[in-house]
Amino acid sequence: MMINVSETAASKIHALLVEEQKTGGGLRVYVQGGGCSGFQYGMMIEENGQGAGDQVFEAHGIKLYVDPISIQYLKNAEVDFVDSVTGGGFTIKNPNATSTCGCGSSFSTE
């Protein structure tokens, strides 16, 4: 398995899917250009299932969809959910990132 989901994140994703009545879907995780360090993460509820070239990972009953370009930046990363003073949110722990910024949603690689 190349991308993992913590149990906390999985239960939050499941709750979102139920709330949006999209229990057949999952979470799309992607990387896009931009952000203060060169790349930034994106996550969205994916109700249409697997797209062309997508890799699908399952953890704790949740499906993750990753496109072929993003997968190279996300090897062995983990989607987590953090409750903080400023509010909760999904974060990605990425072993491939050589530098990250304070916001935690932007990174760069070598």
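The values are calculated or read from the model by the stated rules, or taken from the named source; none is laboratory data. Predicted model, so just to flag it, every value in this text is computed and none were measured. Every residue, glycine among them, receives a Cβ derived from its backbone with ideal geometry; neighbour counts consider all protein chains shown.
Data for the structure
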{"quantity": "Filtered residues of region 37-55 (kept if surrounded by fewer than 15 Cβ atoms within 10 Å (Cβ to Cβ) and among the hydrophobic types (A, V, I, L, M, F, W, C))", "calculated": "Met44, Ile45, Ala52"}
{"quantity": "Criterion: among the basic types (Lys, Arg), touching a residue at least 40 places away in the same chain (Cβ under 8 Å), in contact with a strand residue (DSSP E or B) (Cβ under 9 Å, 6 or more places away or on another chain) and on the phi < 0 side of the Ramachandran plot - qualifying residue of Lys22, Lys63, Lys12, Lys75", "calculated": "Lys12"}
{"quantity": "Exclusive hit being without any contact (Cβ under 8 Å) to a residue 24 or more places away in the chain and closer than 26 Å to Ser99 by Cβ, set Gly42, Gly38, Gly51", "calculated": "Gly42"}
{"quantity": "Glu7 at pLDDT 95 or above, of a type in the set (Asp, Glu) and surrounded by fewer than 20 Cβ atoms within 10 Å (Cβ to Cβ)", "calculated": "yes"}
{"quantity": "In region 70-86, residue farthest from Glu7 (Cα to Cα) [restricted to those that are hydrophobic (A, V, I, L, M, F, W, C) and assigned to a loop (DSSP other than H, G, I, E, B)]", "calculated": "Val85"}
{"quantity": "Residues (part of a loop (DSSP other than H, G, I, E, B), over 13 Å from Asn4 (Cβ atoms) and either within 12 Å of the chain's Cα centre (by Cα) or not hydrophobic (A, V, I, L, M, F, W, C) (or both)) located in region 87-104", "calculated": "Gly87, Gly88, Asn96, Thr98, Gly102, Gly104"}
